[in-house]
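A.B. asks: Please find one structure pasted underneath; my questions will follow.
Throughout, read-outs are computed from the coordinates displayed, never taken from laboratory work. Remember, it's a predicted structure, so these values are computed and weren't measured experimentally. For neighbour counting, all protein chains shown are included, and Cβ atoms are generated from backbone atoms with ideal geometry for every residue, glycine included.
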Amino acid sequence: MGVRGTPGRRACPQPNLPPRAGEGARRYGIGALNTFGHLLRVTTFGESHGPAIGCVLDGCPPGIAIAADDFAHDLARRATGRTRHTSQRHEADAVEILSGVFDGKTTGTPIALLIRNTDARSRDYAKIAEQFRPGHADYTYWHKYGIRDPRGGGRASARETTMRVAAAVIAKKWLVEKHGIAVRGCMSQIGDLTPRGFDSAMLDSHAFDWNVVEGNPFFWPNAAQVAQIEDYMDGLRKSGDSVGARIEVIATGVPAGWGEPIYGKLDAELAAALMSINAVKGVEIGDGFAAVAQKGSFHRDAMTPQGFASNHAGGILGGISSGQAIRCSVAFKPTSSLRLPVDSLDVHGNAVEVVTTGRHDPCVGIRATPICEAMVALVLMDQALRHRAQCGDVGAVAPRVPGGIA
């Protein structure tokens with residue numbers, strides 16, 4: 001059998017060389033995965049102590065009114081320094097819109113957002129540059145990449161979530177304007193403290209007072225307990241220790257039909273998005289793990305002409321939204337950066353004692369509510385665009401059950 005090539009020359013067998021850098025990623029459709037979403041795609045970049053952090057939001061519909069000032073509210077909710085119980089790093093978090101917006105409206109082209117870091121203090125990390133901090137990503141980053149940026153945690157820092165919140169400002173605006181959807185959250189546990197008289201099902205009630213949540217730095221739903229939390233956190237700071245937290249997020253106004261039945265399930269994508277946040281160790285949809293002890297006769301959400309009788313499923317059935325409020329609960333682990341000494345290793349395998357200095361949060365959950373809201377909003381907007389692309393012409397084919405009995 002002839003082989004095409006240079007006349008008069010035989011084709012030489014190719015040596016079994018390893019693939020070129022990046023070839024495997026291109027072949028199998030994988031990579032560093034700094035991009036999130038399908039039709040609405042968010043790519044974040046930058047490190048905690050680099051010159052800037054940023055994101056590119058691609059696939060955003062045109063015509064959304066947006067200005068740099070629109071980002072200030074949610075970024076301030078996420079910011080450090082709101083209370084003495086969070087990191088005292090003070091960043092202005094001023095958003096620069098580099099592209100995708102003209103005359104105050106999105107153009108449908110990629111939206112590039114940039115925030116410059118102005119208060120990084122890298123000298124705090126000089127002593128641990130070659131040490132692995134237990135509970136942090138230092139060890140795993142070192143094994144994966146063979147190099148890491150130790151300043152402030154580098155890419156593994158919660159500083160990266162600033163751009164998720166910024167991108168979600170646009171998503172939240174689109175969701176409320178196009179569909180009347182509101183995405184809101186609160187803290188429902190910090191350490192062993194829980195809000196008195198609170199149940200997550202209350203978040204879907206018109207009687208729930210969101211002004212209380214927004215009126216304190218913990219996003220706590222019971223104003224009478226804020227002073228108790230302050231004392232609790234003061235004790236933690238003095239001891240040098242930390243605690244975890246639980247955040248509740250609810251999305252109201254989501255219509256029935258969003259999500260996919262198998263691999264793009266709405267609850268699966270919400271869980272994955274929320275698990276991508278730093279320090280998250282658990283996610284529940286609806287009643288979550290409490291469903292294990294429930295009877296099926298209790299857990300199933302009865303339907304009546306007046307509405308669903310309950311919402312144990314969290315607004316999602318078979319991976320598709322039911323028209324009820326979508327409820328998510330997110331568990332954050334305790335902060336690992338502590339003044340308390342701990343045994344560890346350095347990059348050479350030597351035993352060391354690590355003491356973390358610098359500016360750190362005794363509970364990362366204090367600033368996590370707007371971050372969790374952001375990920376839910378981005379998933380919902382992406383799912384909305386995908387639903388419109390495939391099923392926008394389906395229309396009303398079944399009776400619409402109200403989200404709940406009034």
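A.B. asks: How would you rank R133, R327, going from fewest to most other Cβ atoms within 10 Å of each one's own Cβ? Don't jump to the answer; show the numbers that get you there.
C.D. replies: On the way: R133 20, R327 25.
Least to most surrounded, the residues fall as R133, R327.
A.B. asks: Quick one: dipole size for the chain, taken about the Cα centre, charges +1 on Lys/Arg Cβ and -1 on Asp/Glu Cβ, in debye to the nearest 20.
C.D. replies: Here the chain has a charge dipole of around 1260 debye.
A.B. asks: Further question on the same structure: Taking the Cβ of K281 as the center, what net charge do the other residues with Cβ under 11 Å away carry, scoring Lys and Arg +1 and Asp and Glu -1?
C.D. replies: Local net charge: +2.
A.B. asks: Which Cα, out of V254, A291, L274, lies furthest along the positive dipole direction of region 253-326 (beta carbon charges, K/R +1, D/E -1)?
C.D. replies: A291
A.B. asks: Round to a whole angstrom and tell me the spacing of the C-alpha centers of region 229-254 and region 267-343.
C.D. replies: 18 Å
A.B. asks: Find, to one decimal place in angstroms, the Kirkwood hydrodynamic radius of region 245-333, where the mean of 1/r is taken over every pair of different Cα atoms and then inverted.
C.D. replies: 13.6 Å
A.B. asks: Can I ask one more? In what sequence do R164, R41, R339 fall when counting other Cβ within 10 Å, fewest first? Mind dumping the intermediate values first?
C.D. replies: Numbers: R164 24, R41 17, R339 13.
The fewest-first ordering by Cβ neighbours comes to R339, R41, R164.
A.B. asks: Here's another thing I want to ask about it. Among T35, S310, A156, whose Cα sits farthest toward the positive end of the charge dipole of the chain (+1 at Cβ of Lys/Arg, -1 at Cβ of Asp/Glu, about the Cα centre)?
C.D. replies: In the chain, that residue is T35.
A.B. asks: If each residue's Cβ is checked for other Cβ atoms within 10 Å, how do K105, K281, K295 rank with the fewest at the top?
C.D. replies: Values: K105 14, K281 11, K295 8.
Arranged by neighbour count, lowest to highest, K105, K281, K295 become K295, K281, K105.
A.B. asks: Here is a further query. Net charge near A313, counting Lys/Arg +1 and Asp/Glu -1 over other residues with Cβ under 12 Å of its Cβ?
C.D. replies: Value of the local net charge: -2.
A.B. asks: Still on this structure, please answer the following. What does the charge count near L385 come to, summing +1 for each Lys or Arg and -1 for each Asp or Glu among other residues with Cβ under 11 Å from its Cβ?
C.D. replies: Within the 11 Å Cβ shell, the charges total +3.
A.B. asks: With the cut-off at 31 Å, tell me which of the pairs K178/K295; K178/K265; K265/K333; K172/K333; K178/K281 have Cα atoms farther apart than that.
C.D. replies: Those over the limit are K178/K295; K178/K281.
A.B. asks: Only helical DSSP H runs with n ≥ 4 go in: add -39500 (n - 2.57) per run for the chain, normalise by residue count and round the 222 nm mean residue ellipticity to 500 deg cm²/dmol.
C.D. replies: When only DSSP H runs of four or more count, the value is -7000 deg cm²/dmol.
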